[in-house]
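Please read the structure below before turning to the comments.
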Amino acid sequence: MTKQFKDYLLEVQDGTADPDKVQDLADELELLATNDGDLYRRQYMPIIKNLMRKRAKGTYDHNLAIKLWRYLIDNVAKKEAGPMARVKFPGLIRNLAAKSIADMELGKMDNGEYDEVNLKIGA
């Protein structure tokens, strides 16, 4: 008998899930988010511009950045799994993917990879 996504959800919720499987699903979501051209143009780059403006003003908060990336991850999950998104990608996995992207992009911002990005609103 094959496992349904509800079975995986129960495993994650009660702590019996394999951490490697949880991390693999989070990595899959992260890859889908970074490789979707439509979402990259409509949501990924605007989030980066927003966070760069906040860093320039000195109001950047990494916990709020993770929350902002979670919105992107939610859209990726909905696009990938449709109405089964909550079952296929539970909140724990989405939060792991959002944290991973937030950490990765913070490193890129610190390294100056987005210094040439125009930060004006509407640009």
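Quick note: the coordinates plus some simple rules give every number you see, no bench work behind them. Owing to the predicted nature of the structure, the values given are computational and were not obtained by experimental measurement. When we count neighbours, we look across all protein chains shown, and the Cβ atoms used for this are built from the backbone with ideal geometry, even at glycine.
Observations on the model:
- Pair residue 53, residue 104: separation of 7 Å Cα→Cβ label points (nm): 2.5 nm
- Ascending count of other beta-carbon atoms within 10 Å, so fewest first, for 103, 110: 110, 103
- Panel order for 36, 20, by other beta carbons found within 10 Å of each beta carbon, from fewest to most: 20, 36.
- Estimated FRET transfer efficiency when R0 is 35 angstrom, pair residue 20-residue 117 (beta carbons, to 0.05): 0.50
- Cα gyration tensor shape for segment 53-123, rounded if a/c is under 1.5, else prolate or oblate: prolate
- Extension gain, residue 31 back to residue 79 (0.36 nm per residue minus Cα-Cα distance, nm): 15.9 nm
- Trypsin sites (Lys or Arg not before Pro) lying in DSSP loop within segment 19-123, provided at most 13 other Cβ fall within 10 Å: 120
- Each residue of segment 66-72 was assigned a 3J(HN,Hα) from its phi angle through the Karplus curve 6.51 cos²θ - 1.76 cosθ + 1.60 (θ = phi - 60°); the sequence is 4, 4, 5, 5, 5, 4, 5 Hz, with glycine and proline shown as x.
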